[in-house]
């Protein structure tokens, strides 16, 4: 009998690793910045100094040491505010995305596996939900609940659970038709046990990819709500509020807007790329 | 000889969703049209038919993966056709199945030993890795395979795992649904010989579904020929092959490649 050993990693495998490691590096930097913000931030993010207003970043004439990415119109350090902003961005993305994921995936699994009334009720709910314009919905919700991080997280979860429910439902339906599901029933598994021990592990890569994508989306939604001043108070540094403040001064102090925008861009890109990378990494068949 | 299964006037239909009218229920397609037969205990019964003859559907009713519309399925004297999910569960240990495609019937996320041990655990018969290794040994696979994933095995090896999973529970009945149709010819012969040998050792009753009469002839004691959901021929293999009662059986028989070669073939 031929001995089957794991095949050596192919070229595609190495490309895959880079796609895994680059976003992971950025996210680790982000996490470190968020956790150790008081240690790594060169300045107090809230300290205003009108004598130091609109200092350019370090590579331009007229910059001051210690204010590496320049200052805004109130003389607050851009880099320090970005580092503290990472705290809020990460907190919102992790909590909101996880909540959304748990709620939406559970409904998707139930609808996809049990079908019948489960599916009809959940699918109609998704249809109705998706007919609301999401941004309007979020703004309305925050207006009713009041500004603050809790409202932002609730808004994200209430808007985006449909994404999980739809995708996971479809994926579960595909998996439920596979022979291994019948095989588990022959092997004595009850319906719910089949869903949890047989189908869920096969849907998990998709759930993880969606979760990562959702983390990126949550950062964007938080930034949008900050931009329109519906997140937390404008004193607290968030990337969205920095972009909003920088917008007015874009012609003579572009750094106030650009650097948080770059951080936002890389974070969202990293999360979605990492999601795809993890999906492939954890699939024993694709590996 | 006692019958392990007695099937009486079994009907089954599926809704035809393609032709569903705008209002009202979809019309139904009759797949099994009143089957009546016995499956003798301790024998291998072949179930043959062309695609769409209802042979796989019939098999799945025997292990109650499908619910019949009407009729009786007596397993060891007990009607299992109308039992609900909870009631069928303890009986399922005796009703095992080997699937056509071992790639999709073995969960790609579980290691081989877990695939074999999980049913043992669910039926309260242990479920250790040692038991799984023992079952692997019975189907001729080394213990090292226990830690592999299904995709790391060849087609024949996967199907052996499928057999190991079924026999580990020491069932009374095994449904083998086209178990060699996805394998190459040499693996086919090995898997069939293994199944026959295990069935004899364990005194198993096997329902062997196939569209290939040459396989049925070598493996089975009895044969049932299905066509469009009806039985057109049934009996001991030798009898049916010698004296087919229906046109369908004759057609299937003529599709078997001849085992003997004509000696004059070279001289012409």
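Residue B:32 fails exactly one of the following numbered conditions: (1) exposed (fewer than 13 other Cβ atoms within 10 Å of the Cβ); (2) touching a helix residue (DSSP H, G or I) at 6+ places or on another chain (Cβ under 7 Å). What is the number of that condition?
It fails just one condition, (1).
If residue B:110 meets every condition in (1) within 9 Å of chain A (Cβ to nearest Cβ); (2) assigned to a loop (DSSP other than H, G, I, E, B); (3) over 25 Å from residue B:187 (Cβ atoms) apart from one, which number is that one?
Checking residue B:110 against (1) within 9 Å of chain A (Cβ to nearest Cβ); (2) assigned to a loop (DSSP other than H, G, I, E, B); (3) over 25 Å from residue B:187 (Cβ atoms), the one that fails is (3).
Just need a number here: residues in segment B:78-93 that are touching a residue at least 40 places away in the same chain (Cβ under 8 Å) and assigned to a loop (DSSP other than H, G, I, E, B).
Restricting attention to segment B:78-93, the residues satisfying the condition of being touching a residue at least 40 places away in the same chain (Cβ under 8 Å) are B:81, B:93.
From what's left, assigned to a loop (DSSP other than H, G, I, E, B): B:81.
Going through segment B:78-93 one residue at a time, the tally reaches 1.
Being touching a strand residue (DSSP E or B) at 6+ places or on another chain (Cβ under 9 Å), under 22 Å from residue A:198 (Cα atoms), more than 9 Å from chain A (Cβ to nearest Cβ) and in a helix (DSSP H, G or I) is the requirement here; does residue B:136 meet it?
In short, no.
Can you tell me which of B:178, B:200 is within 14 Å of chain A (Cβ to nearest Cβ) and closer than 17 Å to residue B:96 by Cα?
On the way: B:200 fails: within 14 Å of chain A (Cβ to nearest Cβ).
Of B:178, B:200, the one residue that is within 14 Å of chain A (Cβ to nearest Cβ) and closer than 17 Å to residue B:96 by Cα is B:178.
All but one of (1) facing chain A (nearest Cβ under 9 Å); (2) surrounded by fewer than 23 Cβ atoms within 10 Å (Cβ to Cβ); (3) under 22 Å from residue B:88 (Cα atoms) hold for residue B:148; which doesn't?
Residue B:148 satisfies every listed condition except (3).
Looking only at segment B:23-69, which residues are part of a strand (DSSP E or B) and at positive phi?
Here is the first cut: in segment B:23-69, the residues part of a strand (DSSP E or B) are B:28-40, B:44-48.
B:34 - this is the single residue of segment B:23-69 that is part of a strand (DSSP E or B) and at positive phi.
Any chance segment A:18-34 includes a residue that's at pLDDT below 85 and exposed (fewer than 15 other Cβ atoms within 10 Å of the Cβ)?
Yes, because at least one residue in segment A:18-34 is at pLDDT below 85 and exposed (fewer than 15 other Cβ atoms within 10 Å of the Cβ).
Here are some residues: A:184, A:189, A:138, A:155. Which one is touching a helix residue (DSSP H, G or I) at 6+ places or on another chain (Cβ under 7 Å), surrounded by 20 or more Cβ atoms within 10 Å (Cβ to Cβ), within 13 Å of another protein chain (Cβ to nearest Cβ) and assigned to a helix (DSSP H, G or I)?
Values: A:189 fails: assigned to a helix (DSSP H, G or I); A:138 fails: within 13 Å of another protein chain (Cβ to nearest Cβ); A:155 fails: within 13 Å of another protein chain (Cβ to nearest Cβ).
None of the other options fit; the residue is A:184.
Go through segment B:81-107 residue by residue and tally those that are farther than 22 Å from residue B:159 by Cβ, within 22 Å of the chain's Cα centre (by Cα) and within 12 Å of chain A (Cβ to nearest Cβ). Break it down stepwise before answering.
Applying the first criterion (farther than 22 Å from residue B:159 by Cβ) to segment B:81-107 yields B:81-91.
Now narrow it down to the ones that are within 22 Å of the chain's Cα centre (by Cα): B:81-83, B:85, B:88-91.
Narrowing the set further to residues that are within 12 Å of chain A (Cβ to nearest Cβ) leaves B:85, B:88-91.
Total satisfying the criteria: 5.
Which one of the conditions (1) assigned to a helix (DSSP H, G or I); (2) modelled with pLDDT of 90 or more does residue B:226 fail to meet, given that it meets all the rest?
For residue B:226, the failing item is (1).
If residue B:74 passes every condition in (1) more than 9 Å from chain A (Cβ to nearest Cβ); (2) farther than 24 Å from residue B:8 by Cβ; (3) not in a helix (DSSP H, G or I) but one, which one does it miss?
(2)
The values are calculated or read from the model by the stated rules, or taken from the named source; none is laboratory data. Bear in mind that the values here come from a model prediction, so they are computed numbers and not experimental data. Here the Cβ is made from the backbone with ideal geometry for all residues, glycine too, and neighbour counts use every protein chain on show.
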